[in-house]
Amino acid sequence: MKHWALFLLLAIGCNVWQIEAEFFTSIGQMTDLIYVEKDLVKSLKEYIKAEESKLTEIKSWAEKMDQLTHTSTSDPEGYLGHPVNAYKLMKRLNTDWLKLESLVLQQTSDAFIANLSIQRENFPTDEDESGAAKALLRLQDTYRLDSESISKGKLPGAQHVVSLTVEDCFELGKIAYNDGDYYHTVLWMQQTLRQLGEGESSVVTQAEALDYLSYSVYQMGDMQRAIELTKRLIAVDPTHLRAKSNLHYFKKLLHEEGQSDQRMDEEFYQSQSKKEVDMRPDNYISERDSYEALCRGEGIKMTTRRQSRLFCRYHNNNNHPRLIIAPIKEEDEWDSPHIVRYHEMLSDAEMEKIKEIAKPMLARATVRNSVTGILETANYRISKSAWLADDEYPVVNRVNKRIGDITGLEMETAELLQVANYGVGGQYEPHFDFSRKEEPDAFRELGTGNRLATVLNYMSDVPAGGATVFPDFGAAIYPKKGTSVFWYNLFKSGEGDYRTRHAACPVLVGSKWVSNKWIHERGQEFKRPCGLTEVD
């Protein structure tokens with residue numbers, strides 16, 4: 001029971017980049033689980049209190065009977081010679097002991113079990129547990145966190161630090177192994193051995209960890225090290241038959257490769273147990289390097305000269321009636337393509353109301369299939385979202401009008417306001433908001449043309465991670481509660497601006513709430529006239 005919440009974060013699936021879970025994709029919905037667990041703890045305490053009361057009564061009876069039997073057995077005949085003692089003996093054996101039996105058999109746990117059974121309907125599934133673990137490993141890769149830092153809870157911006165036990169690390173590595181993820185198996189089995197070596201008590205043994213580690217290293221192609229780790233395993237557990245068989249097999253393969261096998265001493269084994277494997281999964285792609293670097297704050301291409309061309313200003317959109325008295329604060333985030341941030345775009349009350357409306361409606365976020373045009377879930381977008389219509393909610397209508405006032409664009413043809421909440425490791429890998437030439441039917445059913453522009457509202461601060469990054473030109477835009485970021489996806493000619501390919505970095509610590517408005521082409525003909533060239 002005490003490790004349940006921890007294991008929610010620590011099981012892993014077959015591929016760190018493929019997530020199909022539900023609960024973990026939204027911190028907003030996961031908060032409900034906190035109160036479920038709190039209710040279970042209250043119920044458990046009530047059960048413990050009832051058990052303690054029951055045991056106190058039984059203990060009192062036992063002490064009383066111990067004294068009585070000590071006296072009666074010292075002189076049985078003399079004791080029973082008193083008629084009252086004889087009567088009370090009959091009464092105790094016929095009545096009192098039966099009452100004690102009923103007390104012992106009394107099920108004080110019934111209420112707790114009943115509550116647990118009811119609450120179990122709200123528990124995460126195996127898929128949720130696996131998804132949360134994949135998210136943890138994705139964070140490890142994206143932000144280059146070593147296993148020891150994660151195990152000790154040393155994450156930037158984290159307020160509630162929790163450490164992993166040997167069993168936790170071992171379980172994480174074991175499930176990774178079962179799914180063929182040998183890279184992370186090695187990392188977490190090494191951490192298991194490290195914590196065992198530091199003297200942490202555990203039911204997990206060195207032999208168990210070495211068994212998984214040695215074979216995973218072999219699967220990753222490091223034959224020499226696999227042999228040395230297997231030798232160490234045999235030294236720890238001489239009766240391990242599979243290890244002996246593996247050692248013979250590894251040596252044979254090494255001999256066939258023309259390499260020699262030199263037995264190392266225990267000092268070598270110890271050093272190898274602490275050695276990290278510097279390999280990434282086979283499905284690693286070059287774009288992910290630049291994307292993840294930007295997520296870490298590396299590779300940003302904003303030079304001092306370019307920064308000097310960025311300004312802050314009060315924006316009233318050519319004296320718009322609703323902006324003359326209260327212009328919006330506009331800040332340049334990037335020069336080309338031009339990306340701006342609007343400060344104090346949404347009030348705290350508006351953001352909380354939008355979250356309140358969206359929370360019960362949140363469902364796994366979808367993307368539009370480039371071939372069929374159908375909305376579907378995707379492994380590269382991990383969040384939960386809800387669509388809010390402005391004619392149903394006054395607060396949404398008010399925000400949409402504000403967006404129209406500030407951008408000067410027609411909102412009648414824009415999509416509904418989409419609210420998204422990113423949970424543990426929530427992300428959206430590099431993508432385009434607009435449809436490309438090879439997917440002409442992407443927005444056909446809307447009848448409003450392509451996505452002309454994007455407005456992204458940040459509705460929470462994020463302590464670590466969660467940036468919006470543009471790998472093509474090296475920009476990183478960080479969440480700031482109450483602000484909105486705006487950019488055009490299309491040139492004035494209607495051609496797509498491929499530089500706007502962007503991504504939502506995994507949330508390392510915190511809960512990321514955003515809402516976005518996709519503004520379409522139709523209705524903008526006189527608000528943003530066509531350009532004369534393809535890249536106008």
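The values are calculated or read from the model by the stated rules, or taken from the named source; none is laboratory data. Source: prediction; values computed, not measured. Ideal geometry is used to build each Cβ from the backbone, glycine not excepted, and the neighbour counts take in all protein chains shown. In case anyone asks, the SASA skips ligands and DNA or RNA and just uses the protein heavy atoms, side chains included. Shrake-Rupley method; radii C 1.70, N 1.55, O 1.52, S 1.80 Å.
Quick one: N516 ticks every box in (1) under 28 Å from L294 (Cβ atoms); (2) modelled with pLDDT under 95; (3) not β-branched (V, I, T) bar one, so which box is it?
(2)
Please tell me if Q119 is more than 22 Å from G465 (Cα to Cα) and not in a loop (DSSP other than H, G, I, E, B).
yes
Answer yes if at least one residue in region 238-254 is outside any helix (DSSP H, G or I), at pLDDT below 85, open to solvent by less than 60 Å² (accessible area, probe 1.4 Å) and over 30 Å from D332 (Cα atoms), and no otherwise.
no
All but one of (1) touching a Lys or Arg at 6+ places or on another chain (Cβ under 6 Å); (2) open to solvent by 30 Å² or more (accessible area, probe 1.4 Å) hold for Y478, so report the exception by its number.
Looking at each condition in turn, Y478 falls short on (1).
What's the number of the only condition in (1) open to solvent by less than 30 Å² (accessible area, probe 1.4 Å); (2) at pLDDT below 95 that T303 fails to meet?
(1)
Among the residues of region 86-100, are any over 30 Å from Y35 (Cα atoms) and of a type in the set (D, E)?
Yes, some residue in region 86-100 is over 30 Å from Y35 (Cα atoms) and of a type in the set (D, E).
Among the residues of region 507-519, is any of a type in the set (A, V, I, L, M, F, W, C), open to solvent by 10 Å² or more (accessible area, probe 1.4 Å) and assigned to a loop (DSSP other than H, G, I, E, B)?
No - not one qualifying residue is present in region 507-519.
Go through region 424-449 and report how many residues are farther than 30 Å from S511 by Cα, in contact with a strand residue (DSSP E or B) (Cβ under 9 Å, 6 or more places away or on another chain) and surrounded by 12 or more Cβ atoms within 10 Å (Cβ to Cβ).
Count: 7.
With the condition kept exactly as written, say whether any residue in region 407-427 is in contact with a Pro (Cβ under 9 Å, 6 or more places away or on another chain), on the phi < 0 side of the Ramachandran plot and not in a loop (DSSP other than H, G, I, E, B).
yes
I'd like to verify a number: residues in region 209-233 that are open to solvent by less than 10 Å² (accessible area, probe 1.4 Å), closer than 14 Å to T185 by Cα and not aliphatic (A, V, I, L, M), how many?
Selection size over region 209-233: 2.
Check off (1) surrounded by fewer than 23 Cβ atoms within 10 Å (Cβ to Cβ); (2) of a type in the set (G, A, S); (3) more than 30 Å from G297 (Cβ to Cβ) for S460 and give me the number that stays unchecked.
Checking S460 against (1) surrounded by fewer than 23 Cβ atoms within 10 Å (Cβ to Cβ); (2) of a type in the set (G, A, S); (3) more than 30 Å from G297 (Cβ to Cβ), the one that fails is (3).
When region 317-354 is examined, which residues are found to be surrounded by 11 or more Cβ atoms within 10 Å (Cβ to Cβ), over 13 Å from T483 (Cα atoms) and not β-branched (V, I, T)?
Across region 317-354, the qualifying residues are N317, H320, R322, L323, P327, W334, D335, P337, H338, E352, K353.
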